[in-house]
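Single-structure report; data block below.
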């Protein structure tokens, strides 16, 4: 199962080759450890009859599942590259839809037999599920195993079961053209390298990206005309938007999802490496904290504005400090977040990190915000202070030195 745009033939990560951690190590036991996440809790309620899902004639259980998992419809993104185990059903006119919140991803293919679901899990890293799209008196979420890990576990996901977004150069059928671009993207990626094989709605001025663009038969990957896919706010010329829950594949949603994927994998790496080795991985903490603080995020050339309500919906989520500030507030004029600190610091995965790992992360982050190291050198003193104040107000487990 490949929910996000994963290509099994390439395991090159954004930062090079990562150590692949043993999923069946006695401290991990991925295949035996019970899941505990947003999706597993809903699965238990469905199995016990405490909850149910409504069936929709056009979209199966998708609308009801999204509502049950608190996944906003406005988060919809559409990917048309053939990079899923349901590739035979995916074309530029029939893209796969992906919906997400902070810790859960739901994939929908028109005509597909199942919904694909991925959840951030404090122990497993990520856990994979499917939901049969056939109408049933008792719909069930079923946890999946080895078939998903074939693409979602390797160097490309940081050596742990994980998730990622990939940008390719697609042809008219959605097939990646080789030799050509095949990049894992996150918030550090240049705008110009993002979203090849995806639809991307919204305005962004003179900046260019790879979304909405296709290669004609026989054209080399380098010929991809990115100007034709720029500043698209209406998908109707590309796809029957009415066949999906939303008429958009918003750039703000894509940007948020890209940040989350690598952040999720880094949290899993930090947890697993400690549980396996019995020691804090110092270099990994040195990588994790700058990423949490959006170091190396390129400045937006011009402001980005989505074509849906996603930016507003996202900014309303999450916890706020006594001044009303939140890490969910988007900027989109210079960068992704108004206060550049990952909101996944509030996730179950972060909260349940082994205590020595969490202590090390908090210590390094405190030093960064006090300008005692370079992890937050890209932020002004005012910005560092604001982030520190938000954390002090909203994170109850901060060590005393904070």
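Things to note:
- On the stretch given as segment 216-231, residues that are part of a loop (DSSP other than H, G, I, E, B) and either over 26 Å from the mean Cα position of the chain (by Cα) or in contact (Cβ under 8 Å) with a residue 40 or more places away in the chain (or both) total 7.
- Residues (more than 19 Å from residue 200 (Cα to Cα) and part of a helix (DSSP H, G or I)) located in segment 298-323: 315
- Scan of segment 352-402 for residues that are within 14 Å of residue 286 (Cβ to Cβ) and in contact with a helix residue (DSSP H, G or I) (Cβ under 7 Å, 6 or more places away or on another chain), ordered by number: 357, 360, 361, 364, 365, 368, 373, 375, 376
- Looking across segment 147-162, the residues that are touching a strand residue (DSSP E or B) at 6+ places or on another chain (Cβ under 9 Å) and surrounded by fewer than 20 Cβ atoms within 10 Å (Cβ to Cβ) come down to 147, 149, 155.
- Residue within segment 229-238 that is outside the structural domain of residue 332 (by TED's automatic domain parsing) and touching a helix residue (DSSP H, G or I) at 6+ places or on another chain (Cβ under 6 Å) present: yes
- Each residue in segment 263-294 was checked for being surrounded by fewer than 19 Cβ atoms within 10 Å (Cβ to Cβ) and assigned to a loop (DSSP other than H, G, I, E, B), and 3 pass.
- Among (1) under 19 Å from the mean Cα position of the chain (by Cα); (2) buried (at least 20 other Cβ atoms within 10 Å of the Cβ); (3) over 29 Å from residue 328 (Cβ atoms), the one test that residue 176 misses: (1)
- From the list 65, 120, the one residue that fits, being assigned by TED's automatic domain parsing to the domain that holds residue 242, touching a strand residue (DSSP E or B) at 6+ places or on another chain (Cβ under 9 Å) and not in a strand (DSSP E or B), is 65.
- Note on segment 151-169: residues that are over 24 Å from residue 117 (Cβ atoms) and either in a loop (DSSP other than H, G, I, E, B) or at pLDDT 95 or above (or both) amount to 1.
- Filtered residue count, segment 51-98, keeping only those that are touching a helix residue (DSSP H, G or I) at 6+ places or on another chain (Cβ under 7 Å), without any contact (Cβ under 8 Å) to a residue 40 or more places away in the chain and either closer than 13 Å to residue 245 by Cβ or surrounded by 23 or more Cβ atoms within 10 Å (Cβ to Cβ) (or both): 1
- Count of residues meeting criterion [more than 19 Å from the chain's Cα centre (by Cα), surrounded by 17 or more Cβ atoms within 10 Å (Cβ to Cβ) and modelled with pLDDT of 95 or more] in segment 305-320: 1
- So residue 344, is it within 23 Å of residue 99 (Cα to Cα) and under 17 Å from the mean Cα position of the chain (by Cα): yes
- Boolean, residue 209 is touching a residue at least 60 places away in the same chain (Cβ under 8 Å), in the same structural domain as residue 189 (by TED's automatic domain parsing), on the phi < 0 side of the Ramachandran plot and surrounded by 18 or more Cβ atoms within 10 Å (Cβ to Cβ): no
- Picking from residues in segment 321-345 that are in contact with a helix residue (DSSP H, G or I) (Cβ under 8 Å, 6 or more places away or on another chain) and either at pLDDT below 95 or surrounded by fewer than 16 Cβ atoms within 10 Å (Cβ to Cβ) (or both), the one that is nearest to residue 394 (Cα to Cα) is 322.
- Tallying residues that are within 19 Å of residue 86 (Cα to Cα), touching a residue at least 24 places away in the same chain (Cβ under 8 Å) and out of contact with any strand residue (DSSP E or B) (no Cβ under 7 Å at 6 or more places or on another chain) within segment 101-112 yields 1.
The values are calculated or read from the model by the stated rules, or taken from the named source; none is laboratory data. The structure displayed is predicted, hence computed values, not measured ones. Note that each Cβ is placed from the backbone with ideal geometry, even for glycine, and that neighbours are counted across all protein chains shown.
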